[in-house]
Amino acid sequence: MAQFRLQGSKVLAVDMTGDAVKAKNGSMVAYDGRMAFKKMSGGGEGLRGMVTRRLTGEQMTVMEVKGQGTCYFADRASEISLVSLHGDKLFVEASNLLCTDAGLRTGTSFTGLRGGATGTGLFTTTVEGMGQAAIMSEGQAVILRVTPQYPLFVDPGAYVAHQGNLQQKFQSGVNFRTFMGEGSGEAFQIRFEGDGLVYVQPSERNTIGGDV
């Protein structure tokens with residue numbers, strides 16, 4: 001299995017010994033050794049996956065990298081976090097997914113009326129299986145724990161990913177900025193309940209929700 005490691009906080013180094021990874025198309029910045037690159041459509045899921053992503057708005061163009069040596073990935077100087085999966089599932093915005101082990105399965109999942117952030121729609125990308133994934137954020141991602149006793153409320157523009165036994169609910173009528181004396185922004189938030197982890201970024205995407 002490929003070995004993921006960070007070079008600083010903005011470059012992912014992947015050591016490969018004949019194995020493969022799937023990475024965001026165009027994110028390779030350097031490599032040593034012998035590597036082969038192949039563009040994949042629809043996140044590597046073939047025609048069905050490509051059509052599903054077009055319908056849901058989860059655009060994800062990836063490439064497969066296979067070989068012997070080390071390959072380095074980065075994207076617009078984004079901060080990178082590593083997530084280890086042990087048969088569980090990671091939910092992540094397509095734009096925040098940088099690289100995964102080739103053996104991890106990617107898909108698309110309906111997540112309810114959460115999609116107020118530009119490009120996210122009502123669906124999100126899933127990554128499932130045994131292996132590692134690298135996710136990106138604008139600024140260093142913060143990992144927040146959710147327990148049955150303490151639900152978590154997240155601004156949709158700051159949401160990056162989540163994993164664990166969590167349920168999402170779209171909650172309208174509450175505007176974070178209202179409490180800060182500002183009149184613009186989303187009048188809704190995501191409520192997470194259950195037991196798991198939520199990754200948020202300290203910078204918000206542009207949103208299309210407005211003051212709903």
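The values are calculated or read from the model by the stated rules, or taken from the named source; none is laboratory data. Please read these numbers as outputs of a predicted model, since none were measured by experiment. When we count neighbours, we look across all protein chains shown, and the Cβ atoms used for this are built from the backbone with ideal geometry, even at glycine. Note: areas computed on protein heavy atoms with side chains; ligands, DNA, RNA excluded. Shrake-Rupley method; radii C 1.70, N 1.55, O 1.52, S 1.80 Å.
Can you name every residue in segment 129-155 that is assigned to a strand (DSSP E or B) and either more than 19 Å from Val83 (Cα to Cα) or modelled with pLDDT under 95 (or both)?
Across segment 129-155, the qualifying residues are Thr147, Tyr150, Leu152, Phe153, Val154.
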Gly43 vs. criteria touching a Gly at 6+ places or on another chain (Cβ under 6 Å), at pLDDT below 95, open to solvent by less than 50 Å² (accessible area, probe 1.4 Å) and not aromatic (Phe, Trp, Tyr): yes
May I ask you to list the residues in segment 165-202 that are modelled with pLDDT of 70 or more, open to solvent by 40 Å² or more (accessible area, probe 1.4 Å) and either in contact with a Lys or Arg (Cβ under 9 Å, 6 or more places away or on another chain) or part of a loop (DSSP other than H, G, I, E, B) (or both)? Gln167, Gln168, Lys169, Phe170, Gln171, Arg191, Glu193, Asp195, Leu197, Pro202
Can you name the residue in segment 99-125 that is in a strand (DSSP E or B) and surrounded by fewer than 20 Cβ atoms within 10 Å (Cβ to Cβ) and is also modelled with the lowest pLDDT among such residues? Phe110
Please find, within segment 48-68, the residue that is farthest from the chain's Cα centre (by Cα) out of those that are open to solvent by 20 Å² or more (accessible area, probe 1.4 Å) and modelled with pLDDT of 60 or more. Gln68
